[in-house]
Structures are given as C-alpha cells and as structure tokens.
Amino acid sequence: MRLELDPAPSLGKTLLTYLAFLLLTLLLLGGLFALYGVPPLRAYGVLLSPLADPLGLAEIARRTIPLLLIGAGLTLAFRVGFFNIGAEGQLLLGAVGAAYAALFLPAGPWTLPLMFLLGGALGGLWAGVAAWLRVRFGANEILTTLMQNYLAYYLVVYLVAGPWKGQFVFGFLYTDRFPEVARLPRLGDTLVHWPTLLLGVGAALGLQLLLFRTPLGFSWRVLGENPSAARYLGLKEGRFLALAALASGALSGLAGVGEVAGIHQRLLEPAQISLGYGFTAILAAWLARGRPGLVLLTAPLLGLILVGGDALKLAYSMPFRVVDVVAGLLLLGLVGAEALARHRLVWRR
Amino acid sequence: MEEALLRAVLFGTPLLLAALGALLAERSGVVNLGVEGIMALSALAAFAVALDASPYWGLLAGVGVGVLGGLFLGVFAVTLRANPFVAGLAVAAMGLGASGLLGKRYEGMPLDTPLPEGPLALVAFLLALLLHYFLYGSRLGLYLRSVGENPKAADLFGVSVEGVRYRALALGGGLIGLAGAYLSLAYRPSWTDGMTAGLGWVAIALVILAAWEPLRVVLGAYLFGLLFFLQFRLQGSVPIPSEAFAAMPYLLVILVLALSGRSRAPKALGQPFERGR
C-alpha cells in the first residue's frame, strides 16, 4: 500500500479530505484540552460562543480588520513565492510609525493620513530588508522574517519602556495617549475602527484585481508557479519578488496603524498591540489558496477562533499559549489535508 | 578566561545538540523548522518526569518526546509530502504552545536533583564526532547523504528514501530532545515558559553557517556560546539597553544567514520525494 500523486483529484474527494483533517484537528485539540483538565465538548462550546451575542460579533469584526489587511498581503506574497512569516514584526513597525507621527509631528487634519503613510512605509521597509537579503545574499526569508519579528518586538519594548515612555503614565509601559486628531472613529460603542476595515476590504479586492487582471499580476503568477519559465520570459525575478514583499509588508504596517490609532490610542507593549495577528493571518492566507479576495471569508473565520480562544482563556484561566496551539494545529491540518488531497492510495508496491 | 571558555562550552551544548539534530534531518533532505517547539516540549517532558521519577528517566523522556516530534513532522513532510517549511513552522508553534499550556503547573518548581552539566557537554561533543564518522565513514551514512543529494538515484539502488528520512528525523528529533532535556535538567534546572529563548532558531541558522558539517557545527556552537557569555557579562556594565542584548541572538541569526546564504546545501533539501517524477 502506498501513496501516489493524483493529478486531478475530484472536488468531492478534496472536500472529504479537508473535512477528515478538520475532525482530526478537533480531536487532537480536544485531547490537549482534556490533558489540561477541561472537558473537550464544553471547551468547543466556549470556542464558538462569540457567534451567539452581538458583543462577540463586534469583537470578531475587530479582530477581522488586521487579519484582512495582513492576510490579503500574505496571500499575494505566498503566491509569488515569498514566504513572509514576519507580518507580526511588520505590524509592530507600522504601529511604531503611527505613534511617531501622532506624538512627535505637528498635529493637524493631516495627522491620520500621515500615520498610515509612515506606518505602511515602515512595515514595507521591514519586509523589504528580508527581500533584499534573499535577492542579494540568498538568505532564506522564512528565517530572516521570523527573526525580524523578535527584533521588532524588542524595539517596541525598548521604546515604550525608554525614550517614548509617557510623561503622564507612572509605572506603566506605554506612551502618552495620542491627540484627538490621531484617533480613528469607531462604530458605536464597539472597537470596530471602520476606516481600517474599509481599507482591508479594499486591499483584498484590489489585490485580487491586480493579480488576475493586470500584466503585473500575470508576471507575479508566472513567477510563483514556474520560476524557470519566468526566467525564460526575461522577468526580473528579484524586482517582482521585492515588490510583492513590500506590498505585503506595507499592508501589515497599515494593520499596525489601525490597531494603535483605532483601539489603544497609544503605543504599548507588543503583546498587547498584536494579539497573535501575524501568525493567524498566515492561516487566513494559506486557507485563501492564492486568491486575495477569498481572505474576505477566511479572515472572519480566524477572527472567530481568536475571540473564541480568548473566551477559553477567561473561562478556564488558560495561559495565552492556547492560541498558538490552536493556530499551529489548524495550520498542520490544513497543509496535511492539502497534501493528502493531491494523493491517492494504491494497493500495490 | 578559563571560566569564559567553560561557560562558552556549557552554553553552546544545547545549541550543539539541537543543531546536530537539525543537521541529521537536513542531510537526508528534510528541513526541520520545528526545532524550537520540539525542544520546548522535550524540556517540559524531561522536567515533569524528573520531578516524579528521577532525572535519568527525565532525560529519557526528553529524548523520547524529541523522537516523537521528529516522527510527527515526518508524517506530514515525508509521507504526505506537504510543504515541509509550513509543516515545520506549525510544529514549532504547537510545541511552544502545548508546552506553555501543559507546563503552567510546573512553573517555579525547583528540581532537587539536577544533572551535572559537564558530562552531558562531553556526551554532546562525542555525539558530534560520532555523527561525523557516521555520515562519512559508514554505509548507512552514505545512504543518508545520497538520499539528501539525489533521492532518485538512491531509490534506484534500492534505498528506501522514505525510510531513511523517517529515521533521520527520529534520530535528529532525539538529539533535539536531548538539547531540551539539558536545558531543563542541567543548565537551568527548572521549567519556565519560553525557556528555549530562540535557541532552536539559532540552531537552524548554525547548520547553514556550518555548511551542514557536524565538526563545523561544534566550532560554531561554542563560538555562539562564547558570544552569549560575553553578552551576559557586558550586560549592566555598559550603557546599552537590555532589550538590545535580548535581541542579539536573533540579529546574529540574520547576519549568519546573510553571510552564508549561498553555502552549499544538500541538493534535495526541502523537496518531497515522489517516485517516477
């Protein structure tokens, strides 16, 4: 008995495989919950509880915003063959840029646009470093972007504990509150900063069009699917790769701007700015299978998992690591299902 | 001076063990990005068992969890031929997450009977020599290298590509598990969430820097150990923020990757094998 490649898997088989892996993932997760001393079925109930009340839904929408922005960019980057794992760091750099514009540049009606501009630029720059290292020195971007996450983390810790520490905060690690002109409007009493949400929807749709309806998008797709063909066509591989990296970094940066300008209204500890968005967005992007538009569906789904994970933490006083476990298991189930769907079992050697 | 060298070796030991584990898998053609997570989970398992039984059982448990971690990754990266990078990252996240979740009750507990660091460091050094001999002086080592360089040819000669890769992942996982056990039983006899502190990632970069050669990994690991020792010494005595010191290992990894980005990797590294393709 062995596994062979199946060149044309049927839709039914693909769906069945994904379903099987989803069940397996839930089973493994349940086992882990049981080990921790929580009945698995009740844990799943808590995980899905945010769907049942308006507050929970608003919370899902709030988490969807950064996932949408980052996920759309990552979908593009993955499709082109740039495995950007550093969205977390790019988001933090975006938040740093926004805080700088809000706190240290003259305030006025231009403040918010300037924050988005500077934050997006810093996020793009942070991803650009990894792209440059790969194109120029052949350094693996999975590792460099991952390491840059830690660098960005310590940069933010340094800023909020050191030079940017607020004058009017005592003992807390954050900057002063942003001035009125540097805060994003929200929907009613919720934390849904709708301008960033619109930006995210625009990014997902825009990248979808760019990828499938323009010459640039065509080059990107050729480069991702068949690098040697791209070379025969004379495409400047490095340039297109860097462009995709910059775009995904800039979108993550914008997500960071949204988080500090829309929710916290100050720069604070990194673990509070990003609630695991960088890693979760990788899942959203992987699920979207190379179509930025599909992130409009996958981002809210993962938003639900984040909010449900929070509910779990509260209900059973679990440590924050529970989200890592859920995300890791889901990612593994996803790549496993994707791989298995491409195979068929053959009963001979 | 002598103290500095001793600390360098003792600090370099977990790095050496983890890097040897990653190297073994990579020479067979499978990238193992799960090192950090497998190490954390092994450290927890070793500590938990050492509390209940004895530190030697703990050591065994750490190695066992490492082997299981390697095999687990193998199911995805070898049998299912999934994207090995993504699968490895997922294993890293799960290992870190599960160890943080399950280890909560062990935080702050002391271990009364820690293992001595010196003998373990010696074992690690000997393992590196053994691995070098295994790779270049034995038939099995030749099979392993050929699977990593040209799996198609190895397959034609009757070597089971999948079998070799599973064994390399399992043995390598065991070494990574030993690294984790060393951390929680000898180096810092306790358990804290995040105690691997990026060592797993440094180990992966070290393999690239050492051009996939076990003996060079030894040198590199002790060099990193020395750097960490100097960092520890300088901290507080120079006006540099502590965050800069904490960020140092990660910056080092990036520099190493840039310096050795195009060094010669096993030819089939990261490529799933499918007969007849």
Among the residues of the stretch A:313-328, the number that are in contact (Cβ under 8 Å) with a residue 40 or more places away in the chain and crowded, with 23+ Cβ neighbours inside 10 Å is 5
When restricted to A:Arg177, A:Arg221, the only residue charged (D, E, K, R) and closer than 25 Å to A:Pro109 by Cα is A:Arg177
Open item on the list: Based on this model, can you work out whether A:Ala182 counts as at pLDDT 90 or above and within 23 Å of the chain's Cα centre (by Cα)?
Closed with: no
Reported set for the stretch B:239-253 where residues are in contact (Cβ under 8 Å) with a residue 40 or more places away in the chain, within 15 Å of A:Tyr154 (Cα to Cα) and at the interface with chain A (Cβ under 7 Å from one of its Cβ atoms) is B:Tyr250
Residues of the stretch B:94-113 being more than 7 Å from chain A (Cβ to nearest Cβ), crowded, with 20+ Cβ neighbours inside 10 Å and out of contact with any Pro (no Cβ under 7 Å at 6 or more places or on another chain), in sequence order, are B:Gly95, B:Ser99, B:Gly103
Subject >> Check on A:Leu103, touching a residue at least 24 places away in the same chain (Cβ under 8 Å), among the hydrophobic types (A, V, I, L, M, F, W, C) and buried (at least 24 other Cβ atoms within 10 Å of the Cβ) >> reply: no
message = Given the criteria under 21 Å from the mean Cα position of the chain (by Cα), at pLDDT 80 or above and within 14 Å of another protein chain (Cβ to nearest Cβ), does B:Leu223 qualify?
response = no
In the stretch A:298-323, anything more than 24 Å from A:Leu15 (Cβ to Cβ) and not in a loop (DSSP other than H, G, I, E, B) is listed as A:Leu306, A:Val307, A:Gly309, A:Asp310, A:Ala311, A:Leu312, A:Lys313, A:Leu314, A:Ala315, A:Tyr316, A:Val322, A:Val323
Of the residues in the stretch B:49-64 that are out of contact with any helix residue (DSSP H, G or I) (no Cβ under 6 Å at 6 or more places or on another chain) and over 19 Å from B:Gly88 (Cα atoms), the one that is surrounded by the fewest Cβ atoms within 10 Å (Cβ to Cβ) is B:Asp52
In the stretch B:124-173, anything closer than 23 Å to B:Thr196 by Cβ and touching a Ser or Thr at 6+ places or on another chain (Cβ under 9 Å) is listed as B:Ala124, B:Phe125, B:Ala168, B:Leu169, B:Gly172, B:Gly173
Looking across the stretch A:307-349 at residues that are away from chain B (no Cβ under 14 Å) and within 18 Å of A:Glu59 (Cβ to Cβ), the single one that is farthest from the chain's Cα centre (by Cα) is A:Ala315
Filtering the stretch A:5-38 down to residues that are surrounded by 15 or more Cβ atoms within 10 Å (Cβ to Cβ), within 13 Å of another protein chain (Cβ to nearest Cβ) and not in a helix (DSSP H, G or I) yields A:Asp6, A:Val38
Given the conditions (1) in contact with a Phe, Trp or Tyr (Cβ under 8 Å, 6 or more places away or on another chain); (2) within 14 Å of chain A (Cβ to nearest Cβ), every one holds for B:Phe273 apart from (1)
Restricting the stretch A:127-148 to residues that are part of a helix (DSSP H, G or I) and of a type in the set (Gly, Ala, Ser), the one nearest to the other protein chains (Cβ to nearest Cβ) turns out to be A:Ala130
Just one listed residue, out of A:Leu211, A:Leu191, A:Leu199, A:Leu207, is closer than 17 Å to A:Ser274 by Cα and touching a residue at least 60 places away in the same chain (Cβ under 8 Å), and it is A:Leu191
Selection over the stretch B:75-88 where residues are more than 9 Å from chain A (Cβ to nearest Cβ) and surrounded by fewer than 24 Cβ atoms within 10 Å (Cβ to Cβ) yields a count of 0
Considering the stretch A:218-265, residues that are touching a residue at least 12 places away in the same chain (Cβ under 8 Å) and of a type in the set (Phe, Trp, Tyr), and then whichever is farthest from A:Leu103 (Cα to Cα), we arrive at A:Trp220
Just one listed residue, out of B:Val67, B:Val91, is within 17 Å of B:Gly21 (Cα to Cα), surrounded by fewer than 24 Cβ atoms within 10 Å (Cβ to Cβ) and either within 7 Å of another protein chain (Cβ to nearest Cβ) or touching a helix residue (DSSP H, G or I) at 6+ places or on another chain (Cβ under 9 Å) (or both), and it is B:Val67
Out of (1) more than 9 Å from chain A (Cβ to nearest Cβ); (2) under 29 Å from B:Tyr136 (Cα atoms), the one B:Trp191 does not meet is (2)
Taking the stretch A:106-117 and keeping only residues that are free of Cβ contacts under 8 Å to residues at least 60 places away in the same chain and either assigned to a helix (DSSP H, G or I) or crowded, with 24+ Cβ neighbours inside 10 Å (or both), one is left with A:Pro113, A:Leu114, A:Leu117
Worksheet item: In this structure, is A:Leu254 within 14 Å of the chain's Cα centre (by Cα) and either modelled with pLDDT of 95 or more or among the aliphatic types (A, V, I, L, M) (or both)?
Response: yes
Counted residues in the stretch A:339-349 being outside any loop (DSSP other than H, G, I, E, B) and either without any contact (Cβ under 8 Å) to a residue 40 or more places away in the chain or more than 21 Å from A:Thr75 (Cβ to Cβ) (or both) come to 6
Selection from the stretch A:296-305 of residues surrounded by 21 or more Cβ atoms within 10 Å (Cβ to Cβ) and touching a Ser or Thr at 6+ places or on another chain (Cβ under 6 Å) yields A:Ala299, A:Leu302, A:Gly303
With respect to A:Pro106, determine if the residue is out of contact with any helix residue (DSSP H, G or I) (no Cβ under 9 Å at 6 or more places or on another chain), more than 30 Å from B:Val253 (Cα to Cα), of a type outside the set (A, V, I, L, M, F, W, C) and away from chain B (no Cβ under 14 Å). yes
Among A:Val157, A:Val169, A:Val80, the single one that is at the interface with chain B (Cβ under 8 Å from one of its Cβ atoms), over 21 Å from B:Leu255 (Cα atoms) and not charged (D, E, K, R) is A:Val157
If we ask which residues in the stretch A:242-280 are within 15 Å of A:Ile85 (Cα to Cα) and not small (Gly, Ala, Ser), their number turns out to be 5
Of the candidates A:Leu57, A:Leu35, A:Leu19, the one satisfying the condition of being closer than 27 Å to A:Glu338 by Cα and without any contact (Cβ under 8 Å) to a residue 40 or more places away in the chain is A:Leu19
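The values are calculated or read from the model by the stated rules, or taken from the named source; none is laboratory data. These numbers come from a predicted model, not from an experiment. Every residue, glycine among them, receives a Cβ derived from its backbone with ideal geometry; neighbour counts consider all protein chains shown.
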